[in-house]
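I have a structure here, written as C-alpha cells, and I will follow up with some questions on it.
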Amino acid sequence: MKHMKIGGLMTGDVVSAVPATSFRELAKLLTEHEINGVPVVDEDDHVVGVVSASDLLAHREPTARDLMTSPAVTVHAEETVADAARLMVRCGIERLPVVDVEERLVGIVTRRDLLCVYLRPDPEIRRRIREDVLTEAMDLPGDAVDVHVLDGVVTLAGRVRRRSQSSMLVGLAERVDGVVAVVDRLSCHEDDTRPTSSPDSARHLLVAHRRQDDEP
C-alpha cells in the first residue's frame, strides 16, 4: 500500500548554520526567516546538530558548535509521514532535518507539514481506499463495499464473506494517509475468527468431565 513520503512534504530550501556560526548570527537567522530552529552542517552538508530558539534563550554560548544539540535526529526523504510523526513524538521535537542516502541535508520537515496530510481531500482518500486497500491489498473489486468519506472520517458499509476480511479492511483503511478515523458498519457471511472445537477435542473434554464425576 502506498504511503506519502517525507520527500513530498519537506521544505527543500533549508536555512542552515555551520559549527562556527555565532550566537548573534543564529539569532538573526531565526528572526529574519521566522523559524524556530536550524540544522548545523559540516563542510560536506552532513547534519551534525540542531540549534533551536530555546537553546538560544537558555544559553549564552558563542557559537553553534557550543549551542547545538548533537547528534541530530534526522529522517530520510524516503521514509513515510507516519515514521516521521512517531519519531517526532518519541523524541519530543518540532522539526526534523531530512537527509539523502549519503546523510546529506536535503530538506526539513515540521509538525505543521505533517498535519497537512490530514487536509487530503475526501475524494482522494476514497479513491486510495478503493484502489490501494480493496483492489491492490485485498484483491477485491473496488466496489466490494461502500466507502464514504467526510472530513477524513471513513465509513465502511456492506457485506464481505468473512469476519477476518472486514477486520483487515478496517485496519488497512486506518493506515491510509489522511484518514482521521474509520467507522465500521460491515457485516459478514461467516465469522472465521471464533475458535472452533473439533469432535475429537469435544470427546476428550466429555471423557475428562466424566472422570471427575467418578472420582470419590
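The values are calculated or read from the model by the stated rules, or taken from the named source; none is laboratory data. All figures in this text were calculated on a predicted structure; none of them were measured in a lab. Glycine also receives a Cβ, built like all others from the backbone with ideal geometry; neighbour counts cover every protein chain displayed.
Where the second residue is of a type in the set (D, E, K, R) and surrounded by 13 or more Cβ atoms within 10 Å (Cβ to Cβ) and the first is within 13 Å of Arg126 (Cα to Cα) and at pLDDT below 90 and lies in the stretch 146-172, which pairs have Cβ atoms under 8 Å and are six or more apart or on separate chains?
none
Right, something else. Could you check how many residues of the stretch 88-118 are under 17 Å from the mean Cα position of the chain (by Cα) and not in a strand (DSSP E or B)?
Taking the stretch 88-118 first, the residues under 17 Å from the mean Cα position of the chain (by Cα) are 88-98, 108-118.
Right, trim to not in a strand (DSSP E or B) and you get 88-94, 111-118.
Selection size over the stretch 88-118: 15.
Next question, about the same structure. I want to confirm something. Restricting to the stretch 88-104 and keeping residues that are surrounded by fewer than 16 Cβ atoms within 10 Å (Cβ to Cβ) and among the aliphatic types (A, V, I, L, M), which single residue is farthest from Lys5 (Cα to Cα)?
Among those that are surrounded by fewer than 16 Cβ atoms within 10 Å (Cβ to Cβ) and among the aliphatic types (A, V, I, L, M), it is Val89.
Give the stretch 120-175 a look and list any residue that's assigned to a loop (DSSP other than H, G, I, E, B), at negative phi and of a type outside the set (A, V, I, L, M, F, W, C), or say none.
Taking the stretch 120-175 as the starting set, the residues that turn out to be assigned to a loop (DSSP other than H, G, I, E, B) are 120-121, 138-145, 151-152, 175.
Then drop every residue that is not at negative phi, which leaves 120-121, 138, 140-145, 175.
Hits for the stretch 120-175 are Arg120, Pro121, Pro141, Gly142, Asp143, Arg175.
Within the stretch 74-87, work out how many residues are buried (at least 17 other Cβ atoms within 10 Å of the Cβ) and assigned to a loop (DSSP other than H, G, I, E, B).
Number of matching residues: 3.
Name the helices (runs of 4 or more DSSP H) wholly within the stretch 1-67 that hold at least 3 residues that are surrounded by fewer than 16 Cβ atoms within 10 Å (Cβ to Cβ)?
Hits in the stretch 1-67: 23-33, 53-58.
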